[in-house]
Amino acid sequence: MRIGMIILFAILYIALIALFILGYKKKQKKVWVTSLVLFLIVLVATIIITSIYV
């Protein structure tokens, strides 16, 4: 179960970072700001979930 969660979060982080980079390169402020906010939410969720399961 831990390996599955690690893979899930890794894919989620990679997707959000890619979205941020694409939005920043194409000068679409709404896209990269949204991806940055989602990244922070996922970071907090990761900390909470790992503190519960570890």
Residues of region 21-44 that turn out to be hydrophobic (A, V, I, L, M, F, W, C) and at pLDDT below 85, as a count: 1
Residue among I48, I3 that is hydrophobic (A, V, I, L, M, F, W, C), surrounded by fewer than 11 Cβ atoms within 10 Å (Cβ to Cβ) and either at positive phi or modelled with pLDDT under 85 (or both): I3
Condition check for I7: among the β-branched types (V, I, T), in a helix (DSSP H, G or I), out of contact with any helix residue (DSSP H, G or I) (no Cβ under 6 Å at 6 or more places or on another chain) and in contact (Cβ under 8 Å) with a residue 24 or more places away in the chain: no
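Among the residues of region 25-35, how many are part of a helix (DSSP H, G or I) and open to solvent by 80 Å² or more (accessible area, probe 1.4 Å)?
From region 25-35, those part of a helix (DSSP H, G or I) are 25, 29-35; that's our starting set.
Remaining after also requiring open to solvent by 80 Å² or more (accessible area, probe 1.4 Å): 25, 29-30.
Total meeting the criteria: 3.
The values are calculated or read from the model by the stated rules, or taken from the named source; none is laboratory data. For clarity, every value in this text was computed on a predicted model and none was experimentally measured. Note that each Cβ is placed from the backbone with ideal geometry, even for glycine, and that neighbours are counted across all protein chains shown. Calculation scope for accessible area: heavy atoms of the full protein, side chains included, ligands and nucleic acids excluded. Shrake-Rupley method; radii C 1.70, N 1.55, O 1.52, S 1.80 Å.
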